[in-house]
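Colleague: Take a look at the following structure, please.
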Amino acid sequence: MNNNSKGVREAFYQRINEINLFPLWEQLHNLVPQAPAGACVPALWRYSDVRPHLMEAGELITAQEAVRRVLVLENPALRGQASITSSLYAGLQLILPGEIAPSHRHSQSALRFVIEGQGAYTAVDGERTTMSPGDFIITPSWAWHDHGNPVEAEGGEPVVWLDGLDIPLVRFFDAGFAQNCDVAAQPLSRPEGTSLARFGNNMLPVNHVPGSLTSPIFNYPYLRTREALDTLLRQSPLEPCDGVKLRYINPETGGSPIPTMATFMQLLPRGFRGATYRSTDATVFSVVEGSGVVVIAGQRLSFTPKDTFIAPSWSSISFEVDEECVLFSFSDRPVQQALGIWRESRDPA
Ligand code: GTQ
């Protein structure tokens, strides 16, 4: 037997395995793949399938006891990891009239995208914002936040939103801290609307000194976003893949509102047949208005309002819709861009 025969090599691998070593050359192609080859698969959650379970959860446990009453959307290929993509977490959170989800803070950044119901609020750093369907709300890393649904004269309604957090990313870095507040609802220091007035009108307070990586706006109201998309649909050429698509920004920097997550809203006009594109940021979509079909890596998925679906990294994606559709989406794009590894490719129309 010469030195490079299979048996001699196997025996060598077994010996070095004893002291936690392995030969790179057996794995190099997996460790440095020619193109993204993650486990994440395309998936769609129909809101009509999830909602009854969420409402049942509302009877099983209070928001107070659960702290956050959320059904987590797990990628079918990443079960047990609380991940919708390899870097991001998503869940549907329910808060019933009269409930408070008590104040806490953590290193993980969160976004909320309101799916159903009126009248709930999120409080962030001493200011409340009332949540309406289609609003995009953020809770910065290490900011105290609580959610509530005060009982109005009419009795109120269940409120549901999509939570997007960078939980898997922070876990990857082993960099997560968390704390509970000693009071359920944090004390308020500013009237509602202050942040939006200060930062949400293409202006900044004259002596403002940027203090964090996260946007000082914490509710980006749907009404304004919708109006911008509608105007652009009538006045500008369509982008062949995206229709009309805008990204949310931190007005201090022009970058993403949250350092770890980019967020987008797009409008697909009636009869839109989109060109195919792909990008390295696996993307979570939430359907705001309209029904249609998305083709992800050759799989046709039909969507209707309030559904959630996911396009994995580097899988081809295109839209085919008969009705006008509005889609919210988020991904880890700013992290990849900061690292210089983000890529995108678009088919010519
Ligand atoms: O609302 O603070 O879905 O801390 C998961 C973890 C929501 C929240 C989640 C959280 C929250």
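The values are calculated or read from the model by the stated rules, or taken from the named source; none is laboratory data. Since the model is a prediction, treat every value here as computed from it, not as a measurement. Methodologically, a virtual Cβ is constructed for each residue, glycine included, from the backbone with ideal geometry; neighbour enumeration extends over all protein chains shown. Side chains included, ligands, DNA and RNA excluded: accessible areas come from the protein's heavy atoms. Shrake-Rupley method; radii C 1.70, N 1.55, O 1.52, S 1.80 Å.
Colleague: Using Cα atoms only, what is the angle between the long axis of helix 222-235 and the major principal axis of the chain, expressed in degrees (0 to 90) to the nearest 10?
Modeller: Tilt relative to the chain: about 80 degrees.
Colleague: Taking R0 as 25 Å, what FRET efficiency do you get between residue 173 and residue 247 from their Cβ-Cβ distance, rounded to the nearest 0.05?
Modeller: 0.50
Colleague: Determine the relative contact order of the chain: mean sequence separation of Cα pairs under 8 Å and six or more apart, normalised by residue count, in whole percent.
Modeller: Once normalised by length, the contact order is 16 percent.
Colleague: When the chain is modelled as a GNM with alpha-carbon springs shorter than 10 Å, which of 111, 31, 71 fluctuates the most?
Modeller: Sorting by GNM fluctuation, first place goes to 31.
Colleague: With springs only between Cα atoms under 10 Å, which of 310, 61, 138 fluctuates most in a Gaussian network model of the chain?
Modeller: Judging by the Gaussian network model, the answer is 61.
Colleague: Where the only charges are on Cβ atoms (+1 Lys, Arg; -1 Asp, Glu), what is the dipole of segment 224-347 about its Cα centre, to the nearest 20 debye?
Modeller: The calculation lands at about 140 debye.
Colleague: Please label the shape of segment 183-227 as rounded, prolate or oblate, based on the square roots a ≥ b ≥ c of the eigenvalues of the alpha-carbon gyration tensor (a/c under 1.5 means rounded; beyond that, a/b larger than b/c means prolate, else oblate).
Modeller: Taking the square roots of the gyration eigenvalues as a ≥ b ≥ c, segment 183-227 is oblate.
Colleague: Just to verify a number: FRET efficiency for residue 25 and residue 347, C-beta to C-beta distance, R0 = 22 Å, to 0.05?
Modeller: Here the calculated transfer efficiency is 0.05.
Colleague: Please give the calculated 222 nm ellipticity per residue for the chain, where each DSSP H segment of at least 4 residues contributes -39500 (n - 2.57) and the sum is spread over every residue; nearest 500 deg cm²/dmol?
Modeller: My calculation for the chain gives -5500 deg cm²/dmol from helical runs alone.
Colleague: Hey, can you find the accessible area per residue of segment 233-292 for me, probe 1.4 Å, expressed in square angstrom?
Modeller: Roughly 37 Å² per residue, with all protein chains present.
Colleague: Under 10 Å, Cα contacts only: if you run a Gaussian network model on the chain, which one of 250, 180, 149 comes out with the highest mean-square fluctuation?
Modeller: Highest fluctuation of the listed residues: 180.
Colleague: While we're looking at this one, here's another question. Measuring from label point to label point, each 7 Å out along Cα→Cβ, what is the residue 32 to residue 107 span in nm?
Modeller: With each label point 7 Å from Cα toward Cβ, the separation is 3.0 nm.
Colleague: If you wrap a convex hull around the alpha carbons of segment 195-317, what volume per residue comes out, as a whole number of Å³?
Modeller: 119 Å³
Colleague: When the accessible area of the chain is split by element with a 1.4 Å probe, what percent falls to carbon and sulfur?
Modeller: That fraction is 54 percent.
Colleague: What is the projected area of the convex hull of the Cα atoms of the chain, averaged over all directions, in nm²? Walk me through the intermediate numbers first.
Modeller: Working: hull surface 92.3 nm².
Averaged projected hull area, Cα only: 23.1 nm².
Colleague: For segment 265-317, rounded, prolate or oblate, judged on the Cα gyration tensor with a ≥ b ≥ c (square roots of eigenvalues), a/c < 1.5 rounded, else prolate if a/b > b/c?
Modeller: Prolate.
Colleague: With every protein chain present, what accessible area does residue 212 have (1.4 Å probe, heavy atoms only), rounded to the nearest 10 Å²?
Modeller: 70 Å²
Colleague: Compute the helix-to-body angle for 47-60: its Cα long axis versus the longest principal axis of the chain, expressed 0 to 90° and rounded to tens.
Modeller: 70 degrees
Colleague: Here is a further query. Taking a probe of 1.4 Å, how large is the accessible area per residue of segment 130-203, in Å²?
Modeller: 52 Å²
Colleague: Turning to a different aspect of this structure: What angle do you read, to the nearest 10 degrees and between 0 and 90, between the alpha-carbon axis of helix 6-17 and the longest principal axis of the chain?
Modeller: Result, in degrees: 50.
Colleague: Residue 46 accessible area, nearest 10 Å², 1.4 Å probe?
Modeller: Taking all protein chains as shown, residue 46 has close to 120 Å².
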